[in-house]
Each structure stands twice: as structure tokens, then as C-alpha cells.
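Trainee: To start, I am sharing the structure in question, which I have written as C-alpha cells.
The values are calculated or read from the model by the stated rules, or taken from the named source; none is laboratory data. Quantities reported herein were computed from a predicted structural model and do not represent experimental measurements. With ideal geometry, Cβ positions are generated from the backbone for all residues, glycine too; neighbour counts draw on all protein chains shown.
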Amino acid sequence: MNPIHLAMTEAARADLQNQPMLDVKNLDVYYGESHILRNVDLSVARGKMICLIGRNGVGKTTLLKSVMGLLQPRAGEIIFDGQPISQLPTHRRARLGISYVPQGREIIPRLTVRENLLLGLESLPPQTRKRAALEEVYDLFPVLKSMPDRMGGDLSGGQQQQLAIARAILSKPKLLVLDEPTEGIQPSIILEIEAAVRRIIEATGISVLLVEQHLHFVRQADWYYAMQKGGIVASGPTGQLSQSVIQEFLAV
Amino acid sequence: MILQGIFDVLFNGLSIGSVLLIAALGLAIVFGLMGVINLAHGELMMLGAYTTFVVQNALKSLGEPLFGAYIFVALIAAFGVAAAVGLLLERQVIRYLYGRPLETLLATWGVSLILRQFVRSVSGSMALSIALFSLLFWGGQWLLQRRPDWEQLRGRALAILLPLSGAIATLTGVVLNSNKAIAKPWFSARNIDVTAPAWLRGGVSFGSFQFPTARLFIIVLTALCLLGTYWFLQKSAWGLRIRAVTQNRDMSACLGIPTDRVDALTFAIGSGLAGVAGCAVTLLGSVGPNLGTGYIVDAFMVVVVGGVGKLVGSVVAAIAIGTLTYLLGSGSVPLWMTQLQLSEALKPLFDFFTFFSTTSMAKVMVFVVIITFLQIKPAGLFPQKGRTVET
């Protein structure tokens, strides 16, 4: 490779570094004929934690599902890591490096904890699927280590949530998408989950897109977007989250 | 005497049960796990049986000691042929009908009719015209796909390609039909006879019992297929993917599992097992194009009684139904009653069992028992709350 070529790829790489990890542009999503998302713009900067807030039913989960490809947008663009992904099937998006922890956890009920975790390795290239990686997440969530052969469906809500996050990070994603990870979970476990997510971010530097109602967790984020009636109506650094914004957009 | 009778019932029950089970095993995957009602399952068995017939004829020249091993070649070939046809069926038809059971039922019934007529009338000329059509139609599409403006061209290209390749293929077929040798159907509508290898024809004596070797072979084959399926689903990486996709399709996709490939593979394996079953039943007698109709009802019955989605349920149901069928049909109960001198004391009961001790009446009774059973336990022996293929 000649030096000019190398310089160009360096420049291209630097350019890529400045691009956001996820860029959603003018997204319009419908359920049948009802217009759910209206002209949504959102971007997740590299290595940052972005929090999406808003009351129930404003389209937060719809937005995340569209990013994962579970819903097809009628218009707009989704760019992940410099690559348009709107046309890709869901499993290809996962393989590019998006991990999703959905609302309600969606643990596969009749697979054991270990099998559920092994599924986390599925989006890695076959030669890099190492079972040893399970040990690392066991360190992060020790409770899972004690019950590798329990059925996923028999776990408590908090345990399932930890399993879902563990499963998501096993694929070494570039972007972690979390949908209300603290919903319906007792306070002591919420703190544990929060701490684990913070440790993951510090250790790996991944970007996070979070939907959350729990104020303490929201404050961990770098930037917030607030949604209302299917559109983004406010955004800014979470440090500047005013009491009135909290009153308006968080169900507290 | 009674003991011998009980032993006889148990062996024959197991034997009938194993035939039921091997026929139902593929369906337990396709219907039980994926939730696809495949009415062409019996015809996939039939294809397996015809594959066995072809393999047998092809290997006849080998001479006796080697020829005896043809059944193993036939088993593999039958699995391969049925799996390939199943794969084609899934990719071209069923994939578009997931979550629409009524349409699936009608479409697969149509496919079963096509397959049945296909083996009746397939001849050299017909095979050649089908090959020619595929070559022209799909080959043409493949060539055109390389053009950059394929997306705009697509509709018009198909509108021209389809009638054109159809016409050329039909014409070729008509021309070839003037040659009697090529136009002669390969199998015709008559039944075909597969000669069991010499080592499977006799029986194995055990005390005063005589077990037909072919029946023992089917029992062993069923057990091996069952173990193989269980191992594949529970221990292999693809088995894990199959179980994940059948329980939660969307989440599996979000984890990076290619769900459409998993569907195709699952269906192909279920179909391949039907092919193996078809190969096995050639050992029991002559087979014809309508072989499938005889087994499809029994196969669905086994899966439903066992509890949809549970392999162990199908095993228990198959053996139970097999034993019950033989117990009633063979007239064992009236015989025992006579031996125990109960036939006079319990006259109505004796008459009842005598009345039902023919094969067809036993079947009626078995159905009555099953219908009653499903009234009490609609979800079968081993019910399972679960999701099947949705969306």
C-alpha cells in the first residue's frame, strides 16, 4: 500500500470517528394507518450514553424497534457506524454490532440460563464465539453463575433483566440499546443493574441508547432527547435537565 | 399362556407404535415446533419409499452380499430427496404463509396432490421438460439479474420468461412423447414392491417367540432417529437456534440468528425424517402413490395426542396408540377372557371386545378413545404453553 493510500484511509478513519455511531434522520413509522413516529431525528455519539425520555405511548419503544428492524419505517434513514441499515434484516443489524435489551426482557423461556447466554454469541463471527466469554459476564452478574441450568422463564424479573443485559454484551456490541431496564424491578436490583451498565461503559467505551423513566438512571446519561406525540420536542445535556422538563416528560 | 399373550401384545404394540412414531417424528418437528400444518408430509414419506425403490433397482447388479446393504444407502438417499423437496416447498410456498394456518393447509394439500400425480405420470419426457423449464426460467432470471436495471426490468422479464419457457418446455415434452421409450412412465399408478434385503426377511427366535427381523429393524431405526433428533435439537448449535426461534422469533433475530435460514433448515430436517419413514415402511409391504394418505392422519394424531411441541409426548402417544390398536384388533382380550373362563360371566364385555376385534373396527375404537381423551385433555399428554411461528 502506498503512503498516499494509507493517508487517505487514515483520513477516512478520522472522518468516521467524528460521525455519530447511530444517526436517525427524518424517520416516519406507521402501525397500519396510524402515524406513530413523525419526522424523528436522533443521533448517538461514539462512546456516549443517550437517554430517550417521554411518557408512556409516545413512541419510544417504536423508535428502538425501528432501529432494530422489527418495524419497517415508511420514510427516513437509519445510519449505523457510517452505513445505511434501513434495508437490512434484523439479524444483520445485530451482526453489525447493535445489541438490544427489549422492554419485558424477552428471555427465551424454555432455554436454560447458559443457553440464553450462548445465544448472545450468535451475532459474532463463528470463529470468535468463545464460551470463555461467559465467565466475564458471570463476574459482572454473579447471580447468573449460580444458576446456569435454570430455565430462563423461571427466573425473577430482576434476574431476567440481568440475564438480558449479560446476553446483550456478550456480542461485544458497538451500540447497546436498552428499553426501560429498570421497569418493574425492585430498587436494590436497580442499583445493581445501573452499576453494571456503568462498568460496561467504562470498560468497553460502547455507545448506549437508553429509554428510561427512573430519574437516577437518566442522570447517568450524557445527553437526553425528550419525545412527545411521536416526535422529538427537546434535547440537551442531561446536566441541564430542568425540573420542569422532568415534570413534563418523566412519569415520576 | 396369558403372559405370552401380554408379551405378544407388547411387542406388536411397540412395533406398530414405532411405525407410527417414525412417520410422526418429522411432523413433530414441522407441526410441533414450527406450527406448520403440512398435509404433504405423507407424500414426502411416499417420495422416500420411491427413492428406496430406485436405489434398490440401481444396486441390484451388485450381487447378494453387497446388495443386502442397499437399505442403508436408501435410507440416506430417502432422507436427502425428501429433505431437498421439503426445502424447495418451504422456500417456494410455506415461507409466505407463516402464521396463516388455513392457507398453509390448503396449499400443502395441493402440493400433496401434485406430488401424488407426479409419481404416477413422471416419465423421461416429463422429467426432461421440467428440467428444461427450470433451466430456462431460473437460468434466464439469473442471467438477467446481473443487469444493473434488473429492478425496473423484473416485472416485464417475468411476464415474458414464464410463458416462453413454459411453451418451449411443453413443446419439447410433446415432441419427446412420440418416442415410446422416453414417454413410458417410470412408476405408473400401480403399487411398487421393494424386496427387503435377505438379512431382513427372516425372523429372530426368542424362546417360543418369533420376531420378524424387518419389524425389529424398524424399532431400532426409530429409536436411532429419535435419539438423533433429540441430540440435534438439545445439544447442537443449530438445535439451540431452532429452539430459540420457535420460542421467540423477534428476539432471536435481534440476537443475530438468521431466522429464515433456521426455518428452512428445520423444515428440511422434518421432511428428511419423513423420507426415512417412507424408506422404513417399504419393508412392510408394497407401496403406491397413495401411501401418504394412510399415514398422515395417524401422524397428526400422534403429535396432537402427545402434546404439540414435545418430542417425548409423541413417543408415549405412538406407543400407546400402537399398543391399543393391536390389543383391540388382534382379539387378544376375548381370547384372554375365554382362557380365564370369564367369557360367560362377563358376556356383554366379551361380546363388545369380540365385535371390535377386526383391524378396521379397532381403528374406530381407537379414534373414539382418542376423541374422548382430547375432550378431557385438549392439549394432549404433555401440554406446553408456547409460541409457534407467528407473523
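Trainee: Within the range B:183-205, can one find any residue that is away from chain A (no Cβ under 14 Å), hydroxyl-bearing (Ser, Thr, Tyr) and assigned to a helix (DSSP H, G or I)?
Mentor: no
Trainee: Considering only residues that are outside any helix (DSSP H, G or I), over 21 Å from B:ASN290 (Cα atoms) and not hydrophobic (A, V, I, L, M, F, W, C), which ones fall in the range B:30-50?
Mentor: Within the range B:30-50, the subset outside any helix (DSSP H, G or I) is B:34-40.
Filter once more, so that each one left must be over 21 Å from B:ASN290 (Cα atoms): B:34-36.
Of everything in the range B:30-50, just one residue is outside any helix (DSSP H, G or I), over 21 Å from B:ASN290 (Cα atoms) and not hydrophobic (A, V, I, L, M, F, W, C), namely B:GLY35.
Trainee: Can you tell me which of (1) under 17 Å from the mean Cα position of the chain (by Cα); (2) within 13 Å of another protein chain (Cβ to nearest Cβ); (3) surrounded by fewer than 19 Cβ atoms within 10 Å (Cβ to Cβ) is the one A:LEU170 doesn't meet?
Mentor: Condition (3) is where A:LEU170 drops out.
Trainee: Just wondering, is there one or more residues in the range A:135-144 that are of a type outside the set (Phe, Trp, Tyr), in contact with a Phe, Trp or Tyr (Cβ under 8 Å, 6 or more places away or on another chain), away from chain B (no Cβ under 12 Å) and surrounded by 15 or more Cβ atoms within 10 Å (Cβ to Cβ)?
Mentor: Looking through the range A:135-144, at least one residue is of a type outside the set (Phe, Trp, Tyr), in contact with a Phe, Trp or Tyr (Cβ under 8 Å, 6 or more places away or on another chain), away from chain B (no Cβ under 12 Å) and surrounded by 15 or more Cβ atoms within 10 Å (Cβ to Cβ).
Trainee: Considering only the range B:359-380, state which residues are at pLDDT below 90 and buried (at least 18 other Cβ atoms within 10 Å of the Cβ).
Mentor: Correct list: B:ALA362, B:GLY380.
Trainee: Against the conditions (1) in a helix (DSSP H, G or I); (2) modelled with pLDDT of 90 or more, where does B:GLY294 fall short? Just the number, please.
Mentor: With (1) in a helix (DSSP H, G or I); (2) modelled with pLDDT of 90 or more applied to B:GLY294, the lone miss is (2).
Trainee: Here's something else I'd like to know. Just wondering, is there one or more residues in the range B:83-106 that are buried (at least 19 other Cβ atoms within 10 Å of the Cβ), at pLDDT 95 or above and in contact with a Gly (Cβ under 6 Å, 6 or more places away or on another chain)?
Mentor: yes
Trainee: Out of the residues in the range A:91-103 that are in contact with a Gly (Cβ under 9 Å, 6 or more places away or on another chain) and surrounded by fewer than 21 Cβ atoms within 10 Å (Cβ to Cβ), which is farthest from the other protein chains (Cβ to nearest Cβ)?
Mentor: Per the criteria, the residue is A:ARG92.
Trainee: Could you please find all residues in the range A:29-67 being out of contact with any Pro (no Cβ under 6 Å at 6 or more places or on another chain) and assigned to a loop (DSSP other than H, G, I, E, B)?
Mentor: Matches in the range A:29-67: A:GLY32, A:GLU33, A:ARG46, A:GLY47, A:LYS48, A:GLY54, A:ARG55, A:ASN56, A:GLY57, A:VAL58, A:GLY59.
Trainee: With respect to A:GLN72, determine if the residue is polar (S, T, N, Q), under 30 Å from B:PRO383 (Cβ atoms) and at pLDDT 90 or above.
Mentor: no
Trainee: Are there any pairs with C-beta distances below 7 angstrom linking a residue in the range B:231-254 that is more than 8 Å from chain A (Cβ to nearest Cβ) and over 16 Å from A:HIS91 (Cβ atoms) to a residue that is assigned to a helix (DSSP H, G or I) and charged (D, E, K, R), with the two at least 6 apart or on different chains, and if so which?
Mentor: So the pair list comes out as B:LEU233/B:ARG243.
Trainee: Take the residues in the range A:58-90 that are under 13 Å from the mean Cα position of the chain (by Cα), under 16 Å from A:LEU178 (Cβ atoms) and not polar (S, T, N, Q), then tell me which one is nearest to the other protein chains (Cβ to nearest Cβ).
Mentor: A:MET68
Trainee: Okay, next question. Pick out the one residue from B:VAL297, B:VAL276 that is away from every other protein chain (no Cβ under 14 Å), among the β-branched types (Val, Ile, Thr) and under 24 Å from B:LEU97 (Cα atoms).
Mentor: B:VAL297
Trainee: Same structure, new question: Please work out which one of (1) under 19 Å from the mean Cα position of the chain (by Cα); (2) free of Cβ contacts under 8 Å to residues at least 40 places away in the same chain; (3) more than 15 Å from B:GLY278 (Cβ to Cβ) is the condition B:LYS60 fails and give its number.
Mentor: Exception for B:LYS60: condition (1).
Trainee: Answer yes or no: is there a residue in the range B:116-139 that is charged (D, E, K, R), touching a helix residue (DSSP H, G or I) at 6+ places or on another chain (Cβ under 7 Å) and assigned to a helix (DSSP H, G or I). Give the steps one after another, and end with the answer.
Mentor: Filtering the range B:116-139 down to residues charged (D, E, K, R) leaves B:116, B:120.
Then keep just the ones that are touching a helix residue (DSSP H, G or I) at 6+ places or on another chain (Cβ under 7 Å); that gives B:116.
Remaining after also requiring assigned to a helix (DSSP H, G or I): B:116.
Yes, there is a match, as at least one residue in the range B:116-139 is charged (D, E, K, R), touching a helix residue (DSSP H, G or I) at 6+ places or on another chain (Cβ under 7 Å) and assigned to a helix (DSSP H, G or I).
Trainee: Working only within the range A:108-118, note down all residues that are at the interface with chain B (Cβ under 7 Å from one of its Cβ atoms) and surrounded by fewer than 23 Cβ atoms within 10 Å (Cβ to Cβ).
Mentor: Hits for the range A:108-118 are A:PRO109, A:ARG110, A:LEU111, A:GLU115, A:LEU118.
Trainee: Go through (1) in a helix (DSSP H, G or I); (2) surrounded by 22 or more Cβ atoms within 10 Å (Cβ to Cβ); (3) within 14 Å of chain A (Cβ to nearest Cβ) and name the single condition B:GLY309 misses.
Mentor: (1)
Trainee: Considering only the range A:155-187, how many residues are touching a residue at least 40 places away in the same chain (Cβ under 8 Å) and either over 27 Å from A:PHE80 (Cβ atoms) or not charged (D, E, K, R) (or both)?
Mentor: Total satisfying the criteria: 18.
Trainee: Output the residues belonging to the range B:255-264 that are over 17 Å from B:GLY86 (Cβ atoms) and either without any contact (Cβ under 8 Å) to a residue 12 or more places away in the chain or more than 9 Å from every other protein chain (Cβ to nearest Cβ) (or both).
Mentor: Of everything in the range B:255-264, those that are over 17 Å from B:GLY86 (Cβ atoms) and either without any contact (Cβ under 8 Å) to a residue 12 or more places away in the chain or more than 9 Å from every other protein chain (Cβ to nearest Cβ) (or both) turn out to be B:LEU255, B:GLY256, B:PRO258.
Trainee: Here's another thing I want to ask about it. Restricting attention to the range A:159-167, does a residue exist that is more than 20 Å from A:ALA45 (Cα to Cα), surrounded by 21 or more Cβ atoms within 10 Å (Cβ to Cβ) and in contact with an Asp or Glu (Cβ under 8 Å, 6 or more places away or on another chain)?
Mentor: yes
Trainee: Still on this structure, I have one more. Inspect all residues belonging to the range A:119-129 and state whether any of them is in contact with a helix residue (DSSP H, G or I) (Cβ under 9 Å, 6 or more places away or on another chain), away from chain B (no Cβ under 14 Å) and surrounded by 22 or more Cβ atoms within 10 Å (Cβ to Cβ).
Mentor: Scanning the range A:119-129 turns up no residue that is in contact with a helix residue (DSSP H, G or I) (Cβ under 9 Å, 6 or more places away or on another chain), away from chain B (no Cβ under 14 Å) and surrounded by 22 or more Cβ atoms within 10 Å (Cβ to Cβ).
Trainee: Which members of the range A:115-134 meet the condition of being within 12 Å of A:HIS91 (Cα to Cα) and acidic (Asp, Glu)?
Mentor: Within the range A:115-134, just A:GLU122 meets the criteria.
Trainee: Then there's this: Looking only at the range A:201-215, how many residues end up being surrounded by fewer than 17 Cβ atoms within 10 Å (Cβ to Cβ) and touching a helix residue (DSSP H, G or I) at 6+ places or on another chain (Cβ under 7 Å)?
Mentor: Final tally of qualifying residues: 1.
Trainee: Something else now. Hydrophobic (A, V, I, L, M, F, W, C) and either in contact with a strand residue (DSSP E or B) (Cβ under 7 Å, 6 or more places away or on another chain) or in contact (Cβ under 8 Å) with a residue 40 or more places away in the chain (or both): does that describe B:LEU224? So that I can check it myself, show each step before the final result.
Mentor: Working: hydrophobic (A, V, I, L, M, F, W, C): yes; either in contact with a strand residue (DSSP E or B) (Cβ under 7 Å, 6 or more places away or on another chain) or in contact (Cβ under 8 Å) with a residue 40 or more places away in the chain (or both): no.
For B:LEU224, the condition - hydrophobic (A, V, I, L, M, F, W, C) and either in contact with a strand residue (DSSP E or B) (Cβ under 7 Å, 6 or more places away or on another chain) or in contact (Cβ under 8 Å) with a residue 40 or more places away in the chain (or both) - is not met.
So that you can scan it fast, the table gives a plain yes or no per residue for (1) crowded, with 18+ Cβ neighbours inside 10 Å; (2) in contact with a Gly (Cβ under 7 Å, 6 or more places away or on another chain); (3) not assigned by TED's automatic domain parsing to the domain that holds B:PHE79:
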{"position": "B:GLY228", "(1), (2), (3)": "no, no, no"}
{"position": "B:PHE267", "(1), (2), (3)": "yes, yes, no"}
{"position": "B:ALA274", "(1), (2), (3)": "yes, yes, no"}
{"position": "B:GLY278", "(1), (2), (3)": "yes, yes, no"}
{"position": "B:VAL281", "(1), (2), (3)": "yes, no, no"}
{"position": "B:PRO289", "(1), (2), (3)": "yes, no, no"}
